[in-house]
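Notes to accompany the following structure.
The values are calculated or read from the model by the stated rules, or taken from the named source; none is laboratory data. For clarity, every value in this text was computed on a predicted model and none was experimentally measured. All Cβ positions, even for glycine, are placed from backbone atoms using ideal geometry, and neighbour counts span all protein chains on display. All accessible areas refer to the heavy atoms of the entire protein, side chains included, with ligands and DNA or RNA removed. Shrake-Rupley method; radii C 1.70, N 1.55, O 1.52, S 1.80 Å.
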Amino acid sequence: MTRDEIREGLAEILEEVAGVNPDDAAEDKSFTDDLDVDSLSMVEVVVAAEERFDVKIPDDEVQNLKTVGDAVSFIEKAGK
Amino acid sequence: MTEVVITGLGATTPLGGDVASTWAAMLDGRSGVGVLAQDWAEQLPVRIAAQLAVDPSEKIERVRMRRLDRSEQIAIIAAREAYADAGLEAIDEDVDKYRLGVCFGSGIGGAITLLAQDDILEASGPRRVSPHTVPMLMPNGPAAWVGLELGAKAGVHAPTSACATGNEAIAWGLDMIRSGRADIVVAGGCEAVIHALPLAGFASMRALSTRNDEPERASRPWDKGRDGFVMGEGAGAVVLERADHAAARGAKVYARLAGAGLTSDGFDIVQPDPEGGIRAMRFALEDAGLTGADVKHVNAHATSTPVGDMGEVRGIKTAIGDHVLLTSTKSMTGHLLGGAGAVESIATILAIKNDVVPPTINLEDPDDALDLEVARGTKRETVVPAALNNSFGFGGHNVSLLFVKA
């Protein structure tokens with residue numbers, strides 16, 4: 001799966017869970033500062049991403065996923 | 001004593017998505033009861049209920065809906081309408097939020113969320129359980145969300161007294177203003193638990209009507225053919241305001257909340273003791289400095305159960321007198337449980353404001369012991385200077401509210 005495909009998948013999850021406009025979900029955007037995803041919604045995003053991309057995202061790891069790009073990179077690596 | 005008036009009303013009920021449509025349907029004598037078409041209803045002995053006329057999704061955006069239990073959604077909708085109706089939305093920036101309180105309850109809480117998340121837990125494991133589960137099912141959720149929605153900082157309270165909840169919340173709001181803790185309180189109640197488990201639970205108690213073939217005729221307070229209540233879902237909210245505060249901002253006033261009476265039976269967890277209701281009605285009169293003769297109309301608790309309906313009638317005769325004009329709007333809305341007292345308070349307030357008592361439908365063959373006048377079948381236009389609203393709840397909670405013309 002390409003980075004773009006992962007980003008698009010994340011954008012869909014962010015729209016569903018947190019109402020984020022898919023056009024806004026660029027790699028450089030911060031979940032909390034730019035996209036207004038609160039901590040409970042972030043949990044939902046993570047669980048939905050695990051299911052969609054068939055990866056494990058440990059709770060310890062979630063705090064390091066500041067931006068959409070961080071999440072894309074993690075999923076890209078974890079999926080290999 | 002501090003005078004408290006009603007300056008705003010809001011509701012979403014089986015009869016309409018707001019106060020105007022609900023009230024119009026009440027005056028027309030329409031039933032909000034229908035057949036439950038959902039698959040899960042097939043196995044139940046009771047397959048009728050009074051479902052919301054307007055789905056909350058029409059007023060709340062999709063992402064917000066996901067984070068709110070249905071009871072919280074309708075609490076917000078009713079409270080928003082009441083706040084706007086009071087003219088407060090328009091001057092929101094000038095409302096002193098440190099003097100704005102909320103008293104809002106639900107009888108059962110977020111049962112639908114609990115059940116849905118339990119299904120997810122069983123099917124997919126704990127990691128899939130929504131992180132919003134706890135704030136969605138906690139019984140103070142509706143009050144808390146209303147408080148957040150309006151930015152209320154004087155205090156947010158969530159009374160829980162089963163079917164007396166809506167009235168109790170309004171009584172607490174009255175206390176909050178009288179004690180000087182707030183100038184304005186948004187008060188009310190809600191319930192949204194039309195789902196297999198709550199229906200099965202009430203059905204097991206033999207509390208629900210099983211008139212599945214004639215849903216619109218199932219809620220029939222005081223009728224010989226009554227066989228239990230019909231579960232409904234809905235929310236009602238009123239804006240209570242210190243009278244001089246309302247006058248100073250030129251607010252429109254629907255009525256005055258002159259008194260409240262709250263008692264407990266100390267008798268049984270489900271069986272009512274009519275003596276408790278009698279004391280509640282008397283305390284409401286005393287609190288208002290009125291006598292039974294002043295009360296023209298009673299919006300009765302009357303849920304359409306064989307025992308409860310007539311016990312209340314005897315209580316009303318003892319506490320108020322035999323001159324009152326009764327109605328039970330539950331004949332149309334079904335029983336909104338935690339929302340009942342609030343929606344019925346709105347009906348009582350509008351009866352006073354408009355000098356018209358909404359009808360009791362389906363009262364075709366009155367109980368032999370019914371010797372009070374009822375607005376039977378059609379609305380009754382008559383001057384209503386003062387009226388009482390009764391709500392009684394499982395647990396032996398009794399709350400009577402006395403409203404008078406402003």
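Odds and ends about this structure:
- Test for B:Glu61: is it acidic (Asp, Glu), within 14 Å of chain A (Cβ to nearest Cβ), surrounded by fewer than 16 Cβ atoms within 10 Å (Cβ to Cβ) and over 18 Å from B:Gly10 (Cα atoms): yes
- Number of the condition not met by B:Gly292 [criteria: (1) touching a strand residue (DSSP E or B) at 6+ places or on another chain (Cβ under 6 Å); (2) under 29 Å from B:Thr7 (Cβ atoms); (3) not polar (S, T, N, Q)]: (1)
- Tabulated pairs, the stretch B:64-85, first within 14 Å of another protein chain (Cβ to nearest Cβ), second of a type in the set (Ser, Thr, Tyr) and assigned to a helix (DSSP H, G or I), C-beta under 6 angstrom, 6+ apart or interchain: B:Met65/B:Ser57
- Residue check, B:Leu88 away from chain A (no Cβ under 14 Å) and assigned to a loop (DSSP other than H, G, I, E, B): yes
- Selection status of B:Ile112, more than 14 Å from chain A (Cβ to nearest Cβ) and either in a loop (DSSP other than H, G, I, E, B) or open to solvent by 60 Å² or more (accessible area, probe 1.4 Å) (or both): no
- Taken over the stretch A:44-80, residues that are assigned to a helix (DSSP H, G or I), open to solvent by less than 70 Å² (accessible area, probe 1.4 Å) and not aromatic (Phe, Trp, Tyr) amount to 18.
- Considering residues of the stretch A:10-24 that are surrounded by 15 or more Cβ atoms within 10 Å (Cβ to Cβ) and more than 14 Å from chain B (Cβ to nearest Cβ) only, the residue farthest from B:Pro126 (Cα to Cα): A:Ala11
- Which numbered condition A:Asp28 fails, given (1) buried (at least 18 other Cβ atoms within 10 Å of the Cβ); (2) charged (D, E, K, R); (3) part of a loop (DSSP other than H, G, I, E, B): (1)
- Identity of the residue in the stretch B:132-156, touching a strand residue (DSSP E or B) at 6+ places or on another chain (Cβ under 8 Å) and either of a type in the set (Asp, Glu) or without any contact (Cβ under 8 Å) to a residue 40 or more places away in the chain (or both), that ends up least open to solvent (accessible area, probe 1.4 Å): B:Ala144
- Which listed residue is among the polar types (S, T, N, Q) and within 18 Å of B:Glu233 (Cα to Cα), from B:Thr2, B:Thr13: B:Thr13
- Residues in the stretch B:84-109 that are under 23 Å from B:Ala164 (Cα atoms) and open to solvent by 30 Å² or more (accessible area, probe 1.4 Å): B:Ile108 alone.
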